[in-house]
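Here's a structure for you.
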There are 2 protein chains.
Amino acid sequence: MSAGVVLAVDVGGTKLAAALVDSGGALLRTVRAPTPVTDNAEEIWAALETIVAEVDDDAVRAIGVGCGGPMRDELVSPLNISAWRDFPLADRLRQGARGRPVVLRNDAIAMAVGEQSHGAGRQARAFLGIVVSTGVGGGLVIDGHPVDGPTGNAGHIGHVVVDADGPVCACGGRGCLEAIARGPAVVAWAVEQGWSAPQPDGRSLVADARAGDPIALAALTRAGRALGIACASTAALLDLDVIAVGGGLSAAGDLLLAPATAAFERHAGMEFVRRCRLVVAALGTDAGLVGAGVLAQQALAGGTD
Amino acid sequence: MSAGVVLAVDVGGTKLAAALVDSGGALLRTVRAPTPVTDNAEEIWAALETIVAEVDDDAVRAIGVGCGGPMRDELVSPLNISAWRDFPLADRLRQGARGRPVVLRNDAIAMAVGEQSHGAGRQARAFLGIVVSTGVGGGLVIDGHPVDGPTGNAGHIGHVVVDADGPVCACGGRGCLEAIARGPAVVAWAVEQGWSAPQPDGRSLVADARAGDPIALAALTRAGRALGIACASTAALLDLDVIAVGGGLSAAGDLLLAPATAAFERHAGMEFVRRCRLVVAALGTDAGLVGAGVLAQQALAGGTD
């Protein structure tokens, strides 16, 4: 039983999580903690080390980690954790790992691995997982293996261009999917059009859209259209079987997915592109932990890289 | 010496080619013939069989084939060879192969493999080869292996969306790179703008652009911009090191590549995207044969699929 137990870690801008994961992808025990709001890198590391220690036990044979990107040579600089710039996360974890393998990936890649192994992407040979929340991230899993890219940054669908003359993106580019479809951009667009709410965030935008608010609906339609265009481009490039959309804004369900699917169908002409299915992710906020667990198990099996 | 010799075949809409290729990627002997203009599938096969027989000899240990796409389960339906629809090209070649392995890929994938192995993509771990001619095709080579996709159609950069409200594409989609940047579309746009030539084709358009014709220059600039946008999207998705542009229209050189690079730089914001280099392909019309040879050698080494 415990032969296949691994430790999964998920590092995000608002919360940290650690879990024991069995070989079937089930989370046996999970601990979560808020990510400290601080400019002290060590304070965040201490919080993470604490929850890892709470979960770790003798049965754990490998450690898998998903962390916000970008990263380079296993040094992480998560956009949403400004205190960590080139932080040596994998090395730190290895120091406490007593020789057990430690595998680090972008959190969107971990999410995609989780969904492909145990969620919405099962059976898919060519799979894209997308996270639409504060940013728009993505991960590719081809023939069961995550696509990392030479610098570990493959899968960044958030920076696929969907409107060449569109808004400037935080990355410095223009018209990126993320500049249009990330939660804060969707909310900002709605506010510009006259939408208001006591707490004008993604959650209340989705609630108002459900209640029929025309501006909130239009904001999700605009984001969904951008998503569908980027998905059509990616499906053509990679002959994808399935694309699963997760992250906070995917709580909008069909209010986001229906316009995404309509745009996908408008732009996907070739038969092999049209066969790709666009679905909502299945594992919710657990996807990153499940995927980090799978990555750790692949490392044990010698199946990574 | 002859231990590594393979036979490479390149099937295109205007010409057929077969060559002996050594393990260093050198073409030892090449035979070319025009593709018969006919609606008789067997007539085209007979022409191909003839040049293959001319080149084949006892030293040949495997056969690699690049053929215009799309394809499905090794049945080819090249857009530019209307007589072949679901034509069993691999099976036919296997019948004459006396047990030697036969590997079939989209021609753009073969071109990309050739450029990555022996041309502009050497050293690249994540490489995209693009062919801009009658259509716009592409092939991806990641860590030395071509990316095929579940239906063999990965790499279709021609159907990445570069202008969501742009022209309808022959594929049925809208705003695809191919709809804007394929040779005939570039020529048609120039003619619409008032350009004329005794023979209004890509070759004379490039010649006129070289001579300073403002419409011809604008047509190549427009195509280059579309190319740069699609390249920025693909580099973000796949963390590419190098993109090489070949095909007939790449004869325009910097008249196409400079606006492509400018657009790439406008849209590539993240550091890992900006590091990707956009270059002209190195092997010219031989790239497909060289790549088909490499694919055959990989099959011998057991390195394919």
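Give me a count of the residues in region B:261-283 that are away from every other protein chain (no Cβ under 13 Å) and either over 13 Å from B:Ala230 (Cα atoms) or surrounded by 21 or more Cβ atoms within 10 Å (Cβ to Cβ) (or both).
Looking only at that region, the number is 6.
What number of residues in region A:169-194 are assigned to a loop (DSSP other than H, G, I, E, B) and surrounded by 21 or more Cβ atoms within 10 Å (Cβ to Cβ)?
Here the count works out to 5.
Determine the pairs where a residue that is under 15 Å from B:Gly284 (Cα atoms), located within region B:112-138, has a partner that is surrounded by fewer than 24 Cβ atoms within 10 Å (Cβ to Cβ) and among the hydroxyl-bearing types (Ser, Thr, Tyr) with Cβ atoms under 6 Å apart, the partner being 6 or more residues away or on another chain.
B:Val132/B:Ser250
Right, another one. For B:Arg100, are the conditions met, namely being free of Cβ contacts under 8 Å to residues at least 60 places away in the same chain, part of a loop (DSSP other than H, G, I, E, B) and within 14 Å of chain A (Cβ to nearest Cβ)?
Spelling it out, it is not the case that B:Arg100 is free of Cβ contacts under 8 Å to residues at least 60 places away in the same chain, part of a loop (DSSP other than H, G, I, E, B) and within 14 Å of chain A (Cβ to nearest Cβ).
Checking B:Ala110 against (1) at pLDDT 95 or above; (2) farther than 19 Å from B:Leu48 by Cα; (3) touching a Gly at 6+ places or on another chain (Cβ under 6 Å), which single condition isn't satisfied?
Condition (2) is where B:Ala110 drops out.
When the residues of region A:48-75 are filtered to those that are in contact (Cβ under 8 Å) with a residue 60 or more places away in the chain and not in a loop (DSSP other than H, G, I, E, B), which remaining residue is farthest from A:Gly158 (Cα to Cα)?
Ranking the candidates gives A:Ile63 first.
Suppose we filter B:Asp91, B:Asp86 for residues that are at pLDDT 95 or above, within 13 Å of chain A (Cβ to nearest Cβ) and surrounded by fewer than 23 Cβ atoms within 10 Å (Cβ to Cβ); which single one remains?
Sole residue among the options that is at pLDDT 95 or above, within 13 Å of chain A (Cβ to nearest Cβ) and surrounded by fewer than 23 Cβ atoms within 10 Å (Cβ to Cβ): B:Asp86.
Taking region B:20-37 on its own, how many of its residues are within 19 Å of the chain's Cα centre (by Cα), over 15 Å from B:Leu283 (Cα atoms) and in a strand (DSSP E or B)?
3
Turning to a different aspect of this structure: Counting only residues that are of a type in the set (S, T, N, Q) and within 25 Å of B:Ile81 (Cβ to Cβ), which one in region B:103-136 is farthest from the chain's Cα centre (by Cα)?
Checked region B:103-136; the qualifying residue farthest from the chain's Cα centre (by Cα) is B:Thr134.
Further question on the same structure: Quick test for you: out of A:Leu237, A:Leu289, pick the one residue that is touching a strand residue (DSSP E or B) at 6+ places or on another chain (Cβ under 8 Å), buried (at least 24 other Cβ atoms within 10 Å of the Cβ) and either within 12 Å of chain B (Cβ to nearest Cβ) or assigned to a loop (DSSP other than H, G, I, E, B) (or both).
Exactly one residue qualifies, and that residue is A:Leu237.
Among the numbered conditions (1) outside any helix (DSSP H, G or I); (2) at pLDDT 95 or above, tell me where A:Trp45 comes up short.
With respect to (1) outside any helix (DSSP H, G or I); (2) at pLDDT 95 or above, A:Trp45 is out only on (1).
Hey, any hits in region B:48-69 for a residue that's in contact with a His (Cβ under 9 Å, 6 or more places away or on another chain) and either modelled with pLDDT under 95 or not basic (Lys, Arg) (or both)?
The answer is yes; a qualifying residue exists.
When only residues in region A:243-260 that are aliphatic (A, V, I, L, M) and within 14 Å of chain B (Cβ to nearest Cβ) count, which is nearest to B:Gly175 (Cα to Cα)?
Checked region A:243-260; the qualifying residue nearest to B:Gly175 (Cα to Cα) is A:Ala260.
Let me spell it out: the conditions are (1) over 16 Å from B:Leu140 (Cβ atoms); (2) assigned by TED's automatic domain parsing to the domain that holds B:Ala207, and B:Ala292 meets all of them except one. Which number is the exception?
Here B:Ala292 meets the rest and fails (2).
Does A:Ser204 meet the test of being at pLDDT 95 or above and either part of a loop (DSSP other than H, G, I, E, B) or surrounded by 19 or more Cβ atoms within 10 Å (Cβ to Cβ) (or both)?
No; evaluated as a whole, the condition is false for this residue.
Determine whether B:Pro214 is of a type outside the set (Ser, Thr, Tyr), within 18 Å of the chain's Cα centre (by Cα) and on the phi < 0 side of the Ramachandran plot.
No.
Could you say whether any residue in region B:50-70 is surrounded by fewer than 22 Cβ atoms within 10 Å (Cβ to Cβ) and closer than 24 Å to B:Gly138 by Cα?
Among the residues of region B:50-70, at least one is surrounded by fewer than 22 Cβ atoms within 10 Å (Cβ to Cβ) and closer than 24 Å to B:Gly138 by Cα, which makes the answer yes.
For region A:1-19, give me each residue that is within 17 Å of A:Gly284 (Cα to Cα) and part of a strand (DSSP E or B).
Answer for region A:1-19, where residues must be within 17 Å of A:Gly284 (Cα to Cα) and part of a strand (DSSP E or B): A:Ala8, A:Val9, A:Asp10, A:Val11, A:Lys15, A:Leu16, A:Ala17, A:Ala18, A:Ala19.
Mind listing just one residue for me: the one in region A:1-41 that is without any contact (Cβ under 8 Å) to a residue 60 or more places away in the chain and among the hydroxyl-bearing types (Ser, Thr, Tyr) and, of those, nearest to A:Ile51 (Cα to Cα)?
The extreme case among them is A:Thr35.
Checking the conditions here, which among A:Gly166, A:Gly129, A:Gly138, A:Gly121 is at pLDDT 95 or above, buried (at least 24 other Cβ atoms within 10 Å of the Cβ), more than 7 Å from chain B (Cβ to nearest Cβ) and assigned to a loop (DSSP other than H, G, I, E, B)?
A:Gly121
All but one of (1) modelled with pLDDT of 95 or more; (2) at the interface with chain B (Cβ under 7 Å from one of its Cβ atoms) hold for A:Thr151; state the number of the condition that does not hold.
(1)
Let me ask something additional. Confirm whether B:Asp10 is closer than 17 Å to B:Gly291 by Cβ and acidic (Asp, Glu).
Considered against the rule, which asks whether it is closer than 17 Å to B:Gly291 by Cβ and acidic (Asp, Glu), B:Asp10 comes out as yes.
The values are calculated or read from the model by the stated rules, or taken from the named source; none is laboratory data. Computed from a prediction, not measured in an experiment: that's the story for all the values here. Heads up, the Cβs are rebuilt from the backbone with ideal geometry, glycines too, and the neighbour counts pull from every protein chain shown.
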